[in-house]
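Throughout, read-outs are computed from the coordinates displayed, never taken from laboratory work. Everything numeric here is computed off the predicted structure, so don't read it as measured data. Cβ placement follows ideal geometry from the backbone for every residue including glycine, while neighbour counts extend to all protein chains displayed.
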Amino acid sequence: MNVSNMMISININHTQRYVLGAFAVLAALVCCTFGYSLWQWRNDWILAHKEQTSAAIVKSDQTAVMIAAIPDEHLFGKAFTRLGEAPVTNLQLRVTGIVKVESEVYGSYSKAYISISGQPGKIYQVGDSLPYGVTVYAITPDAVILENDGRIEKLPLPREPLQFKPKPNEERM
C-alpha cells in the first residue's frame, strides 16, 4: 500500500463522518421539533376540553347584559340621521358662501366662507378650527355643521327670498 492510497481512504472516511454527523444533528432537530409540536397539541387539547366552572357561566350572563346595553350607549357620539336635524347654533358666526365639490378622484372637497363677529369671511373646510373652540364637522349644500364642545350644531346659509316685481307696462303699438 502506498502512502497516497492511505491519504485518499482517510479523506473519504472524514467526509463520510461529516455527512453522518450533519445527518444526525438534522435528525435530532426534526425529532425535537416533532416532540415539541405534540406537546403543544396536547396542551391545547386539554385547554379546549376543560369543563367550564359556574363562575364562567355567571360572567357570561353579565357579559350578555353588557352586550344588550350597547345599542343604548353612544360609543362614538350621537349621530343624526340627517345633518339637517342638528340645532341651529347661536354663536356669532355667519355663512357667506359654500362651495360644494364632489369628485370621483378627490372625493368631497368642500369649502365654506364663514364670517366671525361681522368680520370679513374666511375660507374653512372640514376639520378646521374656528374661534370659541368650534370645529367644522361637515359642509352641506345649505349649511355648515359645527362641533361645539362635543355637540353638533348647524350654521345655515342665509337665503334671501326671491321677490319678483311686476314688469312695468309697456305701451303697445
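With a Förster radius of 30 Å, plug the Cβ-Cβ distance of residue 108 and residue 151 into 1/(1 + (r/R0)^6) and report the FRET value to the nearest 0.05. Can you show the working numbers first?
Numbers: r = 23 Å, r/R0 = 0.76.
Calculated transfer efficiency: 0.85.
Could you put 26, 162 in order, starting from the residue whose Cβ has the fewest other Cβ atoms within 10 Å?
Values: 26 10, 162 5.
Placing the least packed residue first, the sequence is 162, 26.
Residues with amide H under 5 Å of residue 154's amide H, sequence separation 5 or more or different chain, H placed in the peptide plane at 1.01 Å from N; which?
88, 89, 146
Arranged by the count of other C-beta atoms within 10 angstrom, fewest first, what order do 113, 124 take? Present the calculation step by step, with values, prior to reporting the outcome.
Values: 113 17, 124 21.
The most exposed by this proxy come first: 113, 124.
With 10 angstrom as the radius, rank 105, 95 by how many other C-beta atoms surround their C-beta, starting from the fewest.
Values: 105 5, 95 19.
With the sparsest Cβ surroundings first, the list reads 105, 95.
Determine ³J(HN,Hα), in whole Hz, for all residues of region 90-105 in sequence, where each value follows from phi through the Karplus function 6.51 cos²θ - 1.76 cosθ + 1.60 and θ = phi - 60°; x replaces Gly and Pro.
Karplus values, whole Hz, x for Gly and Pro: 10, 6, 7, 10, 9, 7, 9, x, 9, 10, 10, 10, 10, 10, 5, 7.
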